[in-house]
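This report concerns only the one structure given below.
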Amino acid sequence: ERYRDLIEHSPEMIYQLDRTGRFVHVNQTGLEKLGYALDEMLAMRLWELVPDDQAAPVLGYLERLMANGRNTIETVFLAKDGRSIDVEIHATALFDPDSGGVVYTRAFVRDVTERHQLERQLQQYTSKLEAAVSERTEQLVASQARYKALFDLVADSVFMVDRQGTVVAVNKREEQAL
């Protein structure tokens, strides 16, 4: 009972699939996140939970899982109400020691929707920051060019010296005089 409670109320979705890809177990967390009843889930196959454009990658993931015994994928599950849930699936396969065939697969599924939203927000912020830095750099370059033009157009000789008294810049008028 303690182990069943741990599985059913894990913060991650946990499921088992038979060798045909049909769900044979889905924990309570998975049912709640996806909004399906247990009997509905047990009548479904994994690829029925994903959008059409994700079906082929999910089938490829299952093939690699069957071949390698473990596999990971990030995909999207569609909840019963149509919501998209970004998920990360970590699965292992249980093989029959006599035949070598897959008995079932088991997976831990983490909802990464919030993480993906934060990553997108960070990318947007980074892009805005890079654009602001680029714009400010252009402004500084233009300002420096205006300053240099004014410095060179002054009718008098202008010298710039550092704290040690070394000349570090002269305007065009002084350059011509030298």
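The values are calculated or read from the model by the stated rules, or taken from the named source; none is laboratory data. Computed from a predicted structure; not experimentally measured. Cβ coordinates were reconstructed from backbone atoms using ideal geometry, including for glycine residues, and neighbour counts include every protein chain displayed. These area figures cover heavy atoms from the full protein model, side chains too; ligands, DNA and RNA do not enter into them. Shrake-Rupley method; radii C 1.70, N 1.55, O 1.52, S 1.80 Å.
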(request) Go through (1) over 30 Å from residue 12 (Cβ atoms); (2) in contact (Cβ under 8 Å) with a residue 24 or more places away in the chain; (3) of a type in the set (Phe, Trp, Tyr) one by one and return the number of the condition residue 159 breaks. (result) (2)
(message) Going by what's in this entry, would residue 142 be described as open to solvent by less than 70 Å² (accessible area, probe 1.4 Å) and either in a loop (DSSP other than H, G, I, E, B) or over 30 Å from residue 23 (Cα atoms) (or both)?
(response) yes
(request) Select from region 96-138 the residues that are in contact with a strand residue (DSSP E or B) (Cβ under 8 Å, 6 or more places away or on another chain) and assigned to a helix (DSSP H, G or I) and list them in ascending order. (result) 113, 115, 116
(message) Looking at region 60-84 only, could you name the residues that are in a strand (DSSP E or B), open to solvent by 50 Å² or more (accessible area, probe 1.4 Å) and not charged (D, E, K, R)?
(response) 72, 78, 84
(request) Residue by residue through region 112-125, note down the ones that are open to solvent by 60 Å² or more (accessible area, probe 1.4 Å) and within 29 Å of residue 27 (Cα to Cα). (result) 114, 115, 117, 118, 119
(message) Of everything in region 1-47, what is aliphatic (A, V, I, L, M), open to solvent by less than 70 Å² (accessible area, probe 1.4 Å) and either within 14 Å of residue 110 (Cα to Cα) or in contact (Cβ under 8 Å) with a residue 60 or more places away in the chain (or both)? Give them in sequence order.
(response) 7, 13, 14, 17, 26, 31, 34
(message) Return the residues of region 145-157 that are among the acidic types (Asp, Glu) and open to solvent by 90 Å² or more (accessible area, probe 1.4 Å); say none if nothing qualifies.
(response) 156
(request) Could you please let me know if residue 57 is assigned to a loop (DSSP other than H, G, I, E, B), free of Cβ contacts under 8 Å to residues at least 60 places away in the same chain and either under 23 Å from the mean Cα position of the chain (by Cα) or surrounded by fewer than 16 Cβ atoms within 10 Å (Cβ to Cβ) (or both)? (result) no
(request) Only residues in region 69-94 that are within 14 Å of residue 33 (Cβ to Cβ) count as the first member; pair them with residues that are among the β-branched types (Val, Ile, Thr) and surrounded by fewer than 14 Cβ atoms within 10 Å (Cβ to Cβ), Cβ under 8 angstrom, at least 6 apart or cross-chain, and list the lot. (result) 88/72; 89/72
(request) Please note which helices (runs of 4 or more DSSP H) are completely contained in region 1-48 and include at least 2 residues that are within 27 Å of the chain's Cα centre (by Cα). (result) 28-34
